[in-house]
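Reviewing the structure listed below.
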Amino acid sequence: EKGHSVDDLEFVKHWQPVRDFLNPNPFAFTIDIGCGPRPPFAAYCGAVIEPLAVEYQKITPPEWWHAVTFYAQPAERLIEEMVGCADMVICWNCIDHAVGWREILSNMVAYGHERTIYGLATDFHEPFLGHPGFERDEFMHEVEKRFEILEYRAPFGRDLALRMKLKQGERQ
């Protein structure tokens with residue numbers, strides 16, 4: 001049925017510019033943080049971190065979650081068993097919904113290794129329902145402490161999209 005397959009052409013078309021930007025390796029272990037009701041990087045995923053995963057699975061077609069390992073917990077809580085294992089970490093349109101966005105950035109660092117590629121997209125809103133709000137300058141300061149920006153696009157579906165790697169010496 002249309003719209004119920006992970007290979008749904010409209011879904012693939014919607015996410016293709018993001019895939020082109022991030023250039024995910026289909027053989028890489030990928031962690032998708034805050035994937036929402038339909039994991040867009042499921043074909044590449046090792047795991048998703050989505051606090052509402054169990055609830056989403058109750059209201060979405062099961063094939064959307066087929067073969068997806070998920071952690072139904074807040075992204076601010078570190079998953080020890082995934083420390084240092086991700087070849088790619090993606091946090092697309094999620095971090096601006098979190099109060100603990102600094103902890104999420106630190107966890108992203110922890111999940112990676114010296115060759116990990118990171119994809120991050122966010123909006124910058126004044127605080128309102130579902131968006132605690134943070135300033136672009138404050139956010140960029142925290143990003144630049146941890147990561148080297150490989151590509152910067154603003155706007156790109158969100159107010160800001162970044163393709164990054166760890167800053168030299170960030171991971172000991």
Here is a list of conditions, (1) within 26 Å of L160 (Cβ to Cβ); (2) modelled with pLDDT under 95; (3) open to solvent by less than 60 Å² (accessible area, probe 1.4 Å), and E10 meets all of them except one; can you say which number that is?
-> (3)
How many residues of the range 36-51 are open to solvent by 10 Å² or more (accessible area, probe 1.4 Å), free of Cβ contacts under 8 Å to residues at least 40 places away in the same chain and within 18 Å of D20 (Cα to Cα)? The answer is 3
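Against the condition modelled with pLDDT of 90 or more, in contact with a strand residue (DSSP E or B) (Cβ under 9 Å, 6 or more places away or on another chain) and surrounded by fewer than 16 Cβ atoms within 10 Å (Cβ to Cβ), how does V18 come out, does it pass? Explain how you work it out, then say what you get.
Numbers: modelled with pLDDT of 90 or more: yes; in contact with a strand residue (DSSP E or B) (Cβ under 9 Å, 6 or more places away or on another chain): yes; surrounded by fewer than 16 Cβ atoms within 10 Å (Cβ to Cβ): no.
Here the answer is no, as V18 does not meet what is asked.
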Scanning the range 133-155 for residues that are modelled with pLDDT of 90 or more, open to solvent by 30 Å² or more (accessible area, probe 1.4 Å) and not in a helix (DSSP H, G or I) gives E148, I149, L150, E151, Y152, R153, A154, P155
Among strands (runs of 3 or more DSSP E) entirely inside the range 1-96, those with 1 or more residues being over 11 Å from the mean Cα position of the chain (by Cα) are 45-49
What pairs come up if the first residue lies in the range 149-169 and is within 14 Å of V109 (Cα to Cα), the second is hydroxyl-bearing (S, T, Y) and surrounded by 12 or more Cβ atoms within 10 Å (Cβ to Cβ), and their beta carbons are under 6 Å apart, counting only those six or more places apart or on different chains?
-> M164/Y118
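Within the range 112-123, restricting attention to residues that are open to solvent by less than 10 Å² (accessible area, probe 1.4 Å) and not aliphatic (A, V, I, L, M), which residue is modelled with the lowest pLDDT? I'd like the intermediate steps shown before the answer.
Initial filter on the range 112-123 (open to solvent by less than 10 Å² (accessible area, probe 1.4 Å)): 112, 116, 118-122.
Next cut, not aliphatic (A, V, I, L, M) only: 112, 116, 118-119, 122.
Values: G112: 96, T116: 96, Y118: 97, G119: 97, T122: 92.
Ranking the candidates gives T122 first.
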Some residue of the range 101-111 being outside any helix (DSSP H, G or I) and either crowded, with 16+ Cβ neighbours inside 10 Å or not polar (S, T, N, Q) (or both) | no
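The values are calculated or read from the model by the stated rules, or taken from the named source; none is laboratory data. A quick note: this is a predicted structure, and the numbers were derived from the prediction, not measured. No Cβ is skipped: glycine too gets one built from the backbone with ideal geometry, and neighbour counts run over all protein chains shown. To get the accessible areas, we keep the full protein, side chains included, count just its heavy atoms, and leave off ligands, DNA and RNA. Shrake-Rupley method; radii C 1.70, N 1.55, O 1.52, S 1.80 Å.
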